[in-house]
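What follows is a single structure, written as structure tokens, with notes after it.
Values in this text are rule-based calculations from the coordinates and carry no lab data. These figures come from a predicted structure and were not determined experimentally. Cβ placement follows ideal geometry from the backbone for every residue including glycine, while neighbour counts extend to all protein chains displayed.
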Amino acid sequence: MDAVLKNATRESALEALRAYTRELVPLAAMQVRVAGYDGSRLRMDAPLAVNMNDKGSAFGGSMTSLMTYAGWGLVTLQLHQAGLQADVFVADSTVRYRKPLYADLQAEAELAPEESWAPFLETLVQRGRARIQLQARIALPEGEVMADLSGRYVAIAKG
């Protein structure tokens, strides 16, 4: 029964994120799509055709935006699943562009290896504010990483 409730919560959180993404004006032109969520990793896509630079490759700003938004979405989903309401912000990030991308943008965000959701959520409940380190990447379907992001996200409890 717990697994069913957990999946229902995950699915409702994912659908809420998809609805928010459809309505989010700054990223609407990028045609961002929430592609999937397995409980620990969030995937987002955007087509190359509307995110292309003058060289025919993916615009660096679009790649950074998609990775940043995937991290934001992952924190937002975890908060939703925990039944917590908070505003989520990216505090800082570092991006590396490894190679030009001549394909659709496919970003994936997950916790940094040294991080855990439990202390983050406990700190948010206790102090009303918490931060967590995430990593995101844009990779080709066969796995080659084209860009990566390391970002620190902050959640501030509402009310």
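With the contact rule set at Cα under 8 Å and sequence spacing of 6 or more, what percent relative contact order holds for the range 119-159?
Result for the range 119-159 is 41 percent.
Report the full-extension gain for the segment residue 99 to residue 87: residue separation times 0.36 nm, less the Cα-Cα distance, to one decimal in nm.
Answer, rounded to one decimal: 1.0 nm.
Under the classification rounded if a/c is under 1.5, otherwise prolate if a/b is larger than b/c and oblate if not, where does the chain fall, given a ≥ b ≥ c as square roots of the Cα gyration tensor eigenvalues?
Cα axes put the chain in the prolate bin.
Using the Cα centre as the reference, give the magnitude of the dipole from point charges on the C-beta atoms of the chain (Lys, Arg: +1; Asp, Glu: -1; all else neutral), rounded to the nearest 20 debye.
Roughly 300 debye, rounded to the nearest 20.
What is the extension gain from residue 40 to residue 131, computed as 0.36 nm multiplied by their sequence separation minus the C-alpha to C-alpha distance, in nm to one decimal?
Using 0.36 nm per residue and subtracting the Cα-Cα distance, I get 31.1 nm.
Compute the long axis of helix 60-81 from its Cα atoms, compare it with the longest principal axis of the Cα atoms of the chain, and write down the angle in degrees, 0 to 90, nearest 10.
Tilt relative to the chain: about 20 degrees.
Order these by the 10 Å Cβ neighbour count, fewest first: 146, 44.
146, 44
Mind checking the full-extension length gain between residue 122 and residue 28? Use 0.36 nm per residue of separation minus the Cα-Cα distance, one decimal, nm.
So the chain would gain 30.5 nm between residue 122 and residue 28.
Compute the long axis of helix 2-23 from its Cα atoms, compare it with the longest principal axis of the Cα atoms of the chain, and write down the angle in degrees, 0 to 90, nearest 10.
50 degrees
Can you tell me the FRET efficiency between residue 142 and residue 54 if r is taken as the Cβ-Cβ distance and R0 is 41 Å, rounded to the nearest 0.05?
E(calc), rounded to 0.05, equals 0.95.
Need one word for the range 15-63: rounded, prolate or oblate. Basis is the Cα gyration tensor (sqrt eigenvalues a ≥ b ≥ c); a/c below 1.5 gives rounded, then a/b vs b/c decides.
In terms of gyration-tensor shape, oblate.
Of 112, 157, 74, which is farthest along the charge dipole of the range 55-159 in the positive direction, counting Lys and Arg as +1 and Asp and Glu as -1 at C-beta?
157
Test of understanding: in a Gaussian network model of the chain with alpha carbons linked when under 10 Å, which of 73, 56, 143 would top the mean-square fluctuation ranking?
Fluctuation is largest for 143.
Can you compute the charge dipole magnitude of the range 34-99 about its Cα centre, using +1 on each Lys and Arg Cβ and -1 on each Asp and Glu Cβ, nothing else charged? Give it in debye, rounded to the nearest 20.
Value, rounded to 20: 320 debye.
Just to confirm the filter: which trypsin sites (Lys or Arg not before Pro) across the range 1-103 are DSSP coil and have at most 10 other Cβ within 10 angstrom of their Cβ?
55
Remind me, relative contact order of the chain in percent, using alpha carbon pairs under 8 angstrom and six or more residues apart?
24 percent
Counting helices only, and only those DSSP H runs with n ≥ 4, report the 222 nm mean residue ellipticity of the chain as the sum of -39,500 (n - 2.57) divided by its residues, in deg cm²/dmol to the nearest 500.
-12000 deg cm²/dmol
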